[in-house]
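Just below is one structure, and these are the notes that go with it.
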Amino acid sequence: MFTTTDYLPYLAQGIIASVALGGSSFVAAAALGLVLALIRDHSSGFVKLLIAIYISVFRALPELLTILLTYYGSIAFTRSVGIPDLSPFAAALLAFGVQIGSYACQIFSDAYRAVPRGLLEAAHAVGMPGYLINVRIAIPLMLRLAAPSLGSLLLVVIKLTAIASAIGVTELTRRAQIVSGATHDPLAAFGYAAAIYLAVSAILTIFQRRLETAKQL
């Protein structure tokens, strides 16, 4: 009979799915948040209201509920129009990207307000187009100012991937459940999973701190 230790390679493979889902979700969320933050700060009151509603709704909803609604809602839609269903991974990516994008939007909005107005006004004064001001000045400064918060958000997203097991994504937590059922030793299975999560979080935290230190030099 296999012990939990024998399943360590199987568990370790799960973190690849967790990091892949978390990383891709973070990139999608950051891109959505950045675009919405720029639109929010350059639009009319109605558009700002719509974005504020989006942020409020998705920051209030539990992530598990969002992922379940996205998965089963996508199945209902795809079957009604006769196209292939989204995979559990794709549904989780969509759910996380949209929901975490609400947090990223707020982070980038705060960063944009912290950009020195004098720099933007000087760029306008010399005739630089609005899109070029964003690309060359606003966005680089926003990314720099938002880096600490974005690093923390990435760690949160990696941990949130555990709930993707609810729709069948075989990430680390789901694999730990499978190993627990095979060995009848849930404490060891989930203990090893916790240790793997801690190791990944430690690596990401070290990388984040070094990045922040490099930016300060």
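Charged side chains reduced to their Cβ positions (Lys and Arg at +1, Asp and Glu at -1) give segment 58-217 a dipole of some 360 debye around its Cα centre.
Got a sec? What order do LYS159, LYS48 fall in by accessible area at 1.4 Å, biggest, i.e. largest, first?
Ranked list, largest accessible area first: LYS159, LYS48.
For segment 1-103, the relative contact order is 43 percent, taking Cα pairs closer than 8 Å that sit 6 or more residues apart in sequence and dividing their mean separation by the residue count.
So what is the relative contact order for the chain, in percent, with contacts set as C-alpha pairs under 8 Å and at least six apart?
Numbers: 227 pairs, mean separation 70.2, N = 217.
Relative contact order here is 32 percent.
Look at (1) 75, 52, 26; (2) 59, 46, 24; (3) 45, 38, 34: the one that is Cα extents along the principal axes in Å derived from this structure is (1).
If you run the Gaussian network model on the chain, springs between alpha carbon atoms under 10 Å, then out of ARG144, ARG175, ARG117 the most flexible one is ARG117. For segment 70-133, the square roots a ≥ b ≥ c of the C-alpha gyration tensor eigenvalues yield an a/c of 1.5 or more together with a/b exceeding b/c, which makes the shape prolate.
The values are calculated or read from the model by the stated rules, or taken from the named source; none is laboratory data. Because the structure is predicted, anything quoted here is derived from the model rather than measured. Glycine gets a Cβ as well: all are built from the backbone with ideal geometry, and neighbour counts include every protein chain shown. In case anyone asks, the SASA skips ligands and DNA or RNA and just uses the protein heavy atoms, side chains included. Shrake-Rupley method; radii C 1.70, N 1.55, O 1.52, S 1.80 Å.
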